[in-house]
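Engineer: First the structure, then my questions, so here it is.
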Amino acid sequence: MIETRKAHELDIVELTEDLPEYDLKCGERGTVVEVFHDPEEAYMLEFVDDSGTSSKLADWVKSDQIVNIYSLAKGYIEEGIRHFNNGDSLAAEKYFQLAVELTPQSIGALHISVMTRLADSNNYPQLITALRTLLRIAPHYEAARNNLAIAFQRYGIQKEAEGDTDATLELLHLAILVASAPDISASIKRSFSVVFTKLAAQAYQANDISTAYRYMTKACETDPNETTRRNLAMAYVESARLHLAQNNLSKAVDSFERAFDSGLYTPELLNDYGVALARVGRFEDAAWQLEKALKLVPDEEIIRTNLNLVIGTVTKELRLIKVEPAFELLPIIQAQDFRLAA
């Protein structure tokens, strides 16, 4: 049982009765500046006014005239933890709220307690519940907010390892919603990119080019970097080839041009772009692209043949150069270490 009637130097205490001789009212709070033990335990208390410019001293205040705010808050915290361990997070929240109302700094102690007990347990549902509880009490407490984002991210990575992609995406969405620190947000976005890239690769293996293109677009939008841009460019190339096969010529040309915009510049792409341009009747533009491609690989017979066919305006025999898409899975970015600072 927590002892709330005893105090130590610098503890904050609250009067449980009026002290008219010092012009002090029940409920006022003061700081213990000296502890007396003889002939009985008593305290000298200092009461500072709201402006912080003046104070009063009360001498020989007895233990039955005060309640120790720190001890009382500690008792509420312990009771809250007991309820939380028993699965009653709502009751726990009520006790934690009482503790924080008594001493606002209690939120830091609660946060450290939660992280010390749960951060390394891999029990992410319980950790998430605890951190959500703290944020309902103190919505602007950044340490808890960022740790909650990391917990969602790590739980998502765990679900991805289990093959539950839908749960992974939902948890990453929750993580990005909560995160406030730029470095944590960037890490979460990179995890998103990994998942979208994996889905794009799976779609390509299933010959579902349009779905692969859609997922690579999401990967690049979420985390634009050299890898995701190149992968998106390859998705544009595959999409363009699909449009050519379906005789959607203007869409094919547009997709090839987007591949260039994404930073891809290869003789294979120049060749295929030239083929698309020739198919829409832009023979001079097609020849120019094929000439550029041939300068890069002078011995490539397909490109040379295509150029000769374009010059002769024979387009039905033009050939694409098949290049496998470079869907490279980024490594999963592990969330940074949990922050234990209050």
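Engineer: Is segment 256-269 home to any residue that is modelled with pLDDT under 95 and within 30 Å of residue 142 (Cα to Cα)?
Structural biologist: Checked segment 256-269: no residue is modelled with pLDDT under 95 and within 30 Å of residue 142 (Cα to Cα).
Engineer: If you don't mind, another one. Could you look through segment 89-141, keep only residues that are of a type in the set (D, E, K, R) and farther than 19 Å from residue 174 by Cα, and pick out the one that is surrounded by the most Cβ atoms within 10 Å (Cβ to Cβ)?
Structural biologist: 93
Engineer: If residue 319 meets every condition in (1) surrounded by fewer than 18 Cβ atoms within 10 Å (Cβ to Cβ); (2) under 42 Å from the mean Cα position of the chain (by Cα); (3) outside the structural domain of residue 217 (by TED's automatic domain parsing) apart from one, which number is that one?
Structural biologist: (2)
Engineer: Could you check segment 1-104 for strands (runs of 3 or more DSSP E) lying wholly inside it with 1 or more residues that are touching a Ser or Thr at 6+ places or on another chain (Cβ under 8 Å) and within 29 Å of residue 136 (Cβ to Cβ)?
Structural biologist: Counting at least 1 such residues, we get 12-15, 66-68.
So that you can scan it fast, the table gives a plain yes or no per residue for (1) free of Cβ contacts under 8 Å to residues at least 60 places away in the same chain; (2) over 24 Å from residue 177 (Cα atoms):
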{"residue": "82", "(1), (2)": "yes, yes"}
{"residue": "103", "(1), (2)": "no, yes"}
{"residue": "115", "(1), (2)": "no, no"}
{"residue": "124", "(1), (2)": "yes, no"}
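Engineer: Which helices (runs of 4 or more DSSP H) does segment 193-311 wholly contain that include 1 or more residues that are in contact (Cβ under 8 Å) with a residue 60 or more places away in the chain and under 34 Å from the mean Cα position of the chain (by Cα)?
Structural biologist: Here the list reads 209-222, 226-245.
Engineer: Looking at the structure I just gave you, is residue 280 of a type in the set (A, V, I, L, M), modelled with pLDDT of 90 or more and more than 19 Å from residue 323 (Cα to Cα)?
Structural biologist: yes
The values are calculated or read from the model by the stated rules, or taken from the named source; none is laboratory data. These numbers come from a predicted model, not from an experiment. FYI the Cβ positions are ideal-geometry reconstructions off the backbone, even for glycines, and counts take in every protein chain you see.
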